[in-house]
């Protein structure tokens, strides 16, 4: 357990936050608090645990595992983005005089990508300003986050 005396003559100790706290920090942060606050409030409420050398080493291992998993996820996202970048999809909809009966939304585009290219895309990642309401061909951006984007050419035709 890490403790020291502050200038106000109270014992300060290090704790690891088990959940986000507006005043103290985010889950997994190691913070300094008074021992009274730690033992009377944070630890009994399950907000924090003592920062021992063993618990800090465990926290470091968990963070390293999370970073590795995140790197693998980003690598998979890059592969998926590369699979669909500059590819074409066709969405067939009922239309009259170049106007659709209804509209094509981000969900429709995500579903078409999944069926036509076997790549799952979250509809929230499809950057569509407004639903498409006419027969058209245009490039739509897919933003996966983490700086990974792709462009897909969407053709809406009458059927």
* **Failed item in (1) loosely packed, with under 14 Cβ neighbours inside 10 Å; (2) under 14 Å from residue 155 (Cβ atoms); (3) in contact with a helix residue (DSSP H, G or I) (Cβ under 9 Å, 6 or more places away or on another chain), with residue 127 passing the rest** => (2)
* Are any of the residues in the range 97-108 in contact with a strand residue (DSSP E or B) (Cβ under 9 Å, 6 or more places away or on another chain), part of a helix (DSSP H, G or I), in the same structural domain as residue 127 (by TED's automatic domain parsing) and crowded, with 16+ Cβ neighbours inside 10 Å? -> yes
* Report, by residue number, each residue of the range 31-66 that is surrounded by fewer than 11 Cβ atoms within 10 Å (Cβ to Cβ) and under 18 Å from residue 11 (Cβ atoms). => 44
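The values are calculated or read from the model by the stated rules, or taken from the named source; none is laboratory data. Note that the structure is a prediction, hence the values are computed from the model and not measured. Note that each Cβ is placed from the backbone with ideal geometry, even for glycine, and that neighbours are counted across all protein chains shown.
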